[in-house]
Amino acid sequence: MRSLAAAVRHYPLVALTLLVGLVALALNWSAASAPVPWILALFSLAVAAREVLSMVRRLLRREFGLDVLAVIAIIATLAV
């Protein structure tokens with residue numbers, strides 16, 4: 001149990017993603033499945049916004065990487 005708590009502290013976004021996914025799956029299997037696409041889309045937008053902020057900070061420090069491509073892929077997926 002200690003290693004699970006340490007993993008959640010070390011990777012909170014992964015833990016939150018798993019939690020949101022489980023909640024969406026449970027809602028999808030119930031009669032209340034209508035808000036599932038909205039929940040997942042809003043969570044994806046929140047992750048994309050977090051990544052945009054992180055990307056801008058790195059770009060200002062002159063550190064370049066694949067962050068731009070990742071954010072564009074997330075936004076393009078949501079746009080479709």
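The values are calculated or read from the model by the stated rules, or taken from the named source; none is laboratory data. Predicted model, so just to flag it, every value in this text is computed and none were measured. Quick reminder, even Gly has a Cβ in these numbers, built from the backbone with ideal geometry, and neighbours come from all protein chains shown. The accessibility values were calculated without ligands, DNA or RNA, using every heavy atom of the protein model including side chains. Shrake-Rupley method; radii C 1.70, N 1.55, O 1.52, S 1.80 Å.
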Which whole-number percent gives the relative contact order of the chain, counting Cα pairs below 8 Å spaced six or more residues apart? 22
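Within the chain, which is the longest segment containing none of the trypsin sites (Lys or Arg not before Pro) that sit in a DSSP loop and have at most 11 other Cβ atoms within 10 Å?
Values: sites that count: Arg61, Arg62.
No qualifying site falls inside 1-60, the longest such stretch.
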Using the Kirkwood formula on the Cα atoms of the chain, what hydrodynamic radius do you get, in angstrom to one decimal? 14.5
Take the solvent-accessible surface of the protein heavy atoms, probe 1.4 Å, and return the percent of it on the chain that carbon and sulfur atoms account for. 73
Gain on full stretching of the segment that runs from Ala32 to Val8 - 0.36 nm per residue minus C-alpha separation: 5.8 nm
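Starting from the chain, pick out the chymotrypsin sites (Phe, Trp or Tyr not before Pro) whose DSSP state is loop and whose Cβ has at most 15 other Cβ atoms within 10 Å. Could the numbers behind the result be given before it?
Values: sites: Trp29, Trp38, Phe43, Phe64; in loops: Phe64.
The qualifying sites are Phe64.
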Once phi is turned into ³J(HN,Hα) by the Karplus curve 6.51 cos²θ - 1.76 cosθ + 1.60 with θ = phi - 60°, what whole-Hz value does each residue of region 20-36 show in order, with x for glycine and proline? 4, x, 5, 5, 5, 5, 5, 5, 5, 7, 9, 6, 9, 8, 4, x, 4
Is there a quick way to get the dipole size of the chain? I mean about its Cα centre, with the Cβ of Lys and Arg at +1 and of Asp and Glu at -1; what is the value in debye to the nearest 20? 340
What are the ³J(HN,Hα) values, in whole Hz, obtained from phi via the Karplus relation 6.51 cos²θ - 1.76 cosθ + 1.60 with θ = phi - 60°, for each residue of region 68-75 in sequence order, with x given for Gly and Pro? 4, 5, 5, 5, 4, 5, 5, 5
